[in-house]
Amino acid sequence: DKKKISLYPYVDGKEIKFKIVGTGYEKMPQNFNPEEGTVSRAVVRCPACGSTIDDDTTRRLFQQGKSGQRMVAVVLHYPEKEGKYYRISKEEDLKAYKEAEEYLKIKREKLMEEWGMDPVPDEPLPPKETLGFRVQRYGMLKWGDLFNSRQKLALITFTEKVRKAYEEMIKKGYDKEYAKAVVSYLGFIISRIPDTNSTLCHWDGSWEKVSTTFSRQALPMNWDYIETNILGEKGYNWKTINDSVLKVLDTLSFNRHELSDNYENISHFSATSLPYPDNFFDAVFTDPPYYDNVPYSYLSDFFYVWLKRSIGDLYPELFSTPLTPKSQEIVAYSHNEGGFEAGKKFFEENLKKAFQEIHRVLKPEGIAVIVYAHKSTSGWETLINSLLDSGLIITASWPINTEMKERLRARESAALASSIYIVARKREKKETGFYNEVKEEMKKYLNDKLDRLWEEGISGADFFISAIGSAIEIFGRYEKVMDYSGNIIRADRLLEDIRKIVTEYAIKRILHNGFSAEISDLTRFYILYRWEYGEAKVEFDEARKLAVSCGVDLEKEWSNKKGFIKKEKEFIRVLGPHERKIEDLEESFELIDVLHHVLCLWELGRREDMIDRLKTRGYHKSEIFYRVAQAISETLPNESKEKKLLEGFLVGRSKLMGEIRQIDMNL
């Protein structure tokens, strides 16, 4: 609030130039909004002529090597002064960069000859459309493509010094294992520097600092980036990264036979084949991969390629493959051979093996705790089936808030705030349960548990996911659950019924225990979507499952051009009143459409039309109409445009009702 500074692009003839404007600088232009950029989702608007380049053209230009970059501004810090200072880049800044660009060619060639490999990582990035990776669409196909010339030069120079440090220590007679350990720690620093110095790092204006490459577990495209001074005194540099590694080393525990009998034994094995006898552990704690949530091994390649160049010669057995091994990784990557279903099957089968191993090595009185967080029912379906087949019995489950409120992803998608901690034990299961009876038992238990979750403030997607954990406490007591026709009930059917129970419960609570039976299926879907996902878009299949629980045919509704449900590729988005055409709302009798129409008229100041619309549709005296409006408002964040419209309309409700009564009296 006290400091507002922006980079201001302006047109001088046909050239784009820049100024620093704002607090302590030239006054910010009156009609300039710093939050309006020139690029969004690869659609580019030219500040000079106002024309637009579509996303496909932008990507094609990058792929053809016709994109460019230009240093625009420099961030300064003076040792005796607080805060950051900014200036537009000068000729000497560009000259220094150009010199680094030229010297990179010489250095790269020299090291390639010495090492027998390209010092700049030339290993391929993951296949296009791998979860979380978008840079390949712009012609970045190798790991080295994520860095500019000066960053590459700095990284290969530091890598060279680490290798030379080992050579020097051996020359001076240091013990080989000691030298190897010291140089390994230096290698850790080298592998950390790329995270703070790639073309995917952006400037965090809120905190005036560099945001690292992995501000989230993905590599999205970045349209402007910050280049860190690795030799600087502040921010992410060699010294601060070195210090952070040393802090970790200070806290590590090592095996010390000579000091104590109680020492840690850290080992590394596959979760599907543990080298321990039966009934060995008192407790097992595991946080397994969340289905297809994060492409762990592909992301780790970012660090692997630099570690291989700095210390790969010291650990040939660990760096024998071009990139990290991936075939045994328990994740559901849908781009593998066989597509989505094959990935799902692989994940479920191997997760089951891991849980069976936990069951085998756990003592009879032991406890297992499994942490899981995935917003899709597909992810939970595989986890539940794997757990049911493992022999473990779920005895409790709890949602625990594990995420920061201001996560980057939370603004773009329906990300969860909670992880579910599932407590399981090694007990005998009941032989067979009949689903009608199990379902009633589950419904009774769930309603009690849902009351508690609601009172504790769990809401939205977290509420449904928490309900899953509670339901499998009942379902998992049985060796198998069947319907009266002899069909085995699996997780897909279970989740479908949990969704219906939660939907019925939630709509009553959202509407404050009133009128839930009086609203239509479509309005019910709208309220629950806003409550569960807010204004985020969600995967089609996930939205479809919510729609089914509300009795809505999602495909039929999104094909309605005048409706509020829109399909965008594999995602579903629910439009607010401000995103719909007012003429599309005029003929509808659907409550949510009438509400949207009224809000549009209220915003336009068309009060008479608004009153007429309410009266002709019979909602002018309807308590449920206002209850729905209030309920939707309560689900949305304060900055939401829809919430502001709803609050404005609801604040004037008393006055509006008075006007309607006056009109009725006059008539």
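The values are calculated or read from the model by the stated rules, or taken from the named source; none is laboratory data. Worth saying up front: this structure is predicted, and the values here are computed from it rather than measured. Neighbour counts run over all protein chains shown; Cβ positions are idealised from the backbone, glycine included. These accessible areas exclude ligands, DNA and RNA; they are computed on the full protein's heavy atoms, side chains included. Shrake-Rupley method; radii C 1.70, N 1.55, O 1.52, S 1.80 Å.
Rolling a 1.4 Å probe over the protein heavy atoms leaves His620 with an accessible area of roughly 30 Å².
Note on Arg499: accessible area is roughly 10 Å² with a 1.4 Å probe, heavy atoms of protein only. Largest accessible area first, the listed residues Met112, Met140 line up as Met112, Met140 when surface is computed with a 1.4 Å probe on the assembled protein chains.
Once the chain from Glu441 to Val11 is taken as fully extended at 0.36 nm per residue, the excess over their C-alpha distance is 147.8 nm. Restricting attention to the chain, close to 75% of DSSP beta bridges with both partner residues there are antiparallel.
Extension gain for the segment Glu80 to Val651, taken as residue separation times 0.36 nm less the Cα-Cα distance, is 200.4 nm to one decimal. Residues whose amide H falls under 5 Å from that of Val481, counting only those 5 or more places apart or on a different chain, are Gly433, Ile489, with hydrogens built in the peptide plane. For the pair Asp175 and Asp584, the difference between a 0.36 nm per residue extended length and the Cα-Cα distance amounts to 139.3 nm.
For Lys164 and Tyr296, the FRET efficiency from 1/(1 + (r/R0)^6), where r spans their Cβ atoms and R0 equals 35 Å, is about 0.60. In terms of the mean number of neighbouring beta-carbon atoms within 10 Å, the peptides 424-435, 24-35, 215-226 order highest first as 215-226, 424-435, 24-35. For the chain, the mean residue ellipticity at 222 nm estimated from helices alone is -14500 deg cm²/dmol, where every DSSP H run of n ≥ 4 contributes -39500 (n - 2.57) and the total is divided by all residues, rounded to the nearest 500.
When the convex hull of its Cα atoms is viewed from all sides, the chain shows a mean projected area of 39.1 nm².
Taking 7 Å steps out from each Cα toward its Cβ at Arg509 and Lys105 produces label points 6.6 nm apart. Net charge of the neighbourhood of Gly235, taken over other residues with C-beta under 15 Å away and scored Lys/Arg +1, Asp/Glu -1, is -2.
Take every Cα pair under 8 Å whose residues are at least 6 apart in sequence, average their separation, divide by the length of segment 1-125, and the relative contact order is 13 percent. Of the GluC sites (Glu not before Pro) found in segment 436-545, the ones in coil according to DSSP and having at most 13 other Cβ atoms within 10 Å of their Cβ are Glu456. Between amide H atoms placed 1.01 Å from N, distances below 5 Å from Asp292 occur with Ala332, all of them 5 or more places distant or on a separate chain. To the nearest 10, the accessible area of Lys142 is 100 Å² with a 1.4 Å probe. Summarising the amide proton neighbourhood of Ile5: residues at separation of 5 or more, or on other chains, whose placed amide H is nearer than 5 Å comprise Thr23.
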